[in-house]
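Below is one structure, written out as structure tokens, with a few remarks after it.
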Amino acid sequence: MPLSKTAAPKQATAIIGAGIGGIATAVRLAAHGHRVTVFEAQESFGGKMHQLELPGGYRFDGGPSLFTLPHLVDELFQLVGRNPQDYFRYQRLDPITQYFFADGIRLTAWADEGRFAQEVEEKLGVPATEVLRFLRRSGQAYEATAGTFLQKSLHKAATYLSPEVLKALTSLPQLGLTSTMHQRHAAAFSDPRLVQLFDRFATYNGSDPYQAPATLSLIPHLEHGLGAYYPEGGIYAIAQSLVRLAEELGVRFRYQEPVLEILTAAGRVTGVRTAQDVYDFGLVVSNMDVVPTYRHLLPRQPAPERTLRQPRSSSALIFYWGIARRFPELGVHNIFFSEDYKREFEAIFQEKTIADDPTVYVNITSGHTPTDAPPATKTGL
């Protein structure tokens, strides 16, 4: 979150947080001539994209487990004339996900849309043409909105006069602004299991499909249209490769030095304060969540109260298990659906608890990164 509107070349710039967003921002600013220092409270980089190891030879990606839109990572290297493949490589997943329903049906989400639609027809009895029609609409909604919501700042007036916004406005009827994801999926498919499968894409950003707008039904296009990927060495390899690039560009990382306050004077940023020292910076970017940024780092500055009061996304209960056996029926991504999906989201978002029958996601990386598990097992959950 930029806190100053001026950014002259060679300006001393601070970034708060060495999460993936902070690292990517450091690369972009360094590429434009800024002298960048990244402050991180933890002992290493990555933020949510971290890794951990357990005794016995098990390694885990501790944060996100699905990689989509790899070109957004590639372009950070290309921005400074580097070849992304010199830093990290990735491959497209096929199949993407194994789905397990409460009635015992198992469905494979193949990377090829036609093959996936045929799988749905064979396993659930939903005509393949209906699946392909829905995926086509998902792709159209994505193409109509990505240029605005993913590539431009919604805080700039110029954004709303751009051709991308006009393109999005012409697609309003198909974006589903007045209905929920679940309503759109229930209208598209008669089989409740397929409705549940597409409802689960709301959890991409911790949303409730029974409340989230139908606009988010464009998310399936990320996997089924653009593809799901797996980096060599695991998700953490993304953070490692970008930190390597950042350091080559002169970015400095100060670990175990949390920022206590963003300093201001006369309405402008002047620097940051940590327990170790006070630092002068003409530009400060906070990669922290917006609520703690304003509440803790800028307590005396006017805050966007409406934004800070927005509902929070859901969190997750995560277990890291090293299991000394193989599961040939499981892939990298596996979802075991609850029998009553609506009840599950009511428990999370209304009662603030976990349902008795929760949906379970299992991520197994050792099939693609053999060193994630001991040689005798090659299985890590």
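The values are calculated or read from the model by the stated rules, or taken from the named source; none is laboratory data. Keep in mind it's a predicted model, so treat the numbers as computed, not measured. Cβ atoms come from the backbone with ideal geometry, glycine included; neighbour counts cover every protein chain shown.
Would you check which residues across the stretch 140-199 are aromatic (Phe, Trp, Tyr) and modelled with pLDDT of 95 or more and list them? Hits for the stretch 140-199 are Phe189, Phe198. Looking at the stretch 193-206, is at least one residue part of a loop (DSSP other than H, G, I, E, B) and buried (at least 20 other Cβ atoms within 10 Å of the Cβ)? No: zero hits. Hey, Val38 hits all of (1) under 20 Å from the mean Cα position of the chain (by Cα); (2) within 30 Å of Ile262 (Cβ to Cβ) but one; which does it fall short on? Only one criterion is unmet by Val38, namely (1). Within the stretch 327-372, can you find the residues that are over 30 Å from Gly56 (Cα atoms), of a type in the set (Gly, Ala, Ser) and part of a loop (DSSP other than H, G, I, E, B)? Matches in the stretch 327-372: Ser338, Ala355. When the stretch 309-364 is filtered for residues that are of a type in the set (S, T, N, Q) and within 21 Å of the chain's Cα centre (by Cα), the ones remaining, listed by number, are Gln310, Ser313, Ser314, Ser315, Asn334, Thr359, Asn363. Where strands (runs of 3 or more DSSP E) sit wholly within the stretch 224-295, those with at least 1 residues that are more than 30 Å from Thr371 (Cβ to Cβ) and in contact with a helix residue (DSSP H, G or I) (Cβ under 7 Å, 6 or more places away or on another chain) occupy 259-265, 283-286. Taking the criterion of being modelled with pLDDT under 95, over 26 Å from the mean Cα position of the chain (by Cα) and either crowded, with 17+ Cβ neighbours inside 10 Å or among the basic types (Lys, Arg) (or both), would at least one residue in the stretch 251-264 satisfy it? No, the stretch 251-264 contains no residue that is modelled with pLDDT under 95, over 26 Å from the mean Cα position of the chain (by Cα) and either crowded, with 17+ Cβ neighbours inside 10 Å or among the basic types (Lys, Arg) (or both). Look at (1) of a type in the set (Lys, Arg); (2) surrounded by 13 or more Cβ atoms within 10 Å (Cβ to Cβ); (3) in the same structural domain as Ala102 (by TED's automatic domain parsing) and you find that Arg273 fails only one, number (3). Of the residues Phe60, Phe77, the single one that is in a strand (DSSP E or B) and under 22 Å from the mean Cα position of the chain (by Cα) is Phe60. The residue that is nearest to the chain's Cα centre (by Cα), among those in the stretch 41-57 that are surrounded by fewer than 16 Cβ atoms within 10 Å (Cβ to Cβ) and outside any loop (DSSP other than H, G, I, E, B), is Leu52.
Scan the stretch 296-322 for residues that are modelled with pLDDT of 90 or more, aliphatic (A, V, I, L, M) and over 28 Å from Asp356 (Cα atoms) and the total you get is 2.
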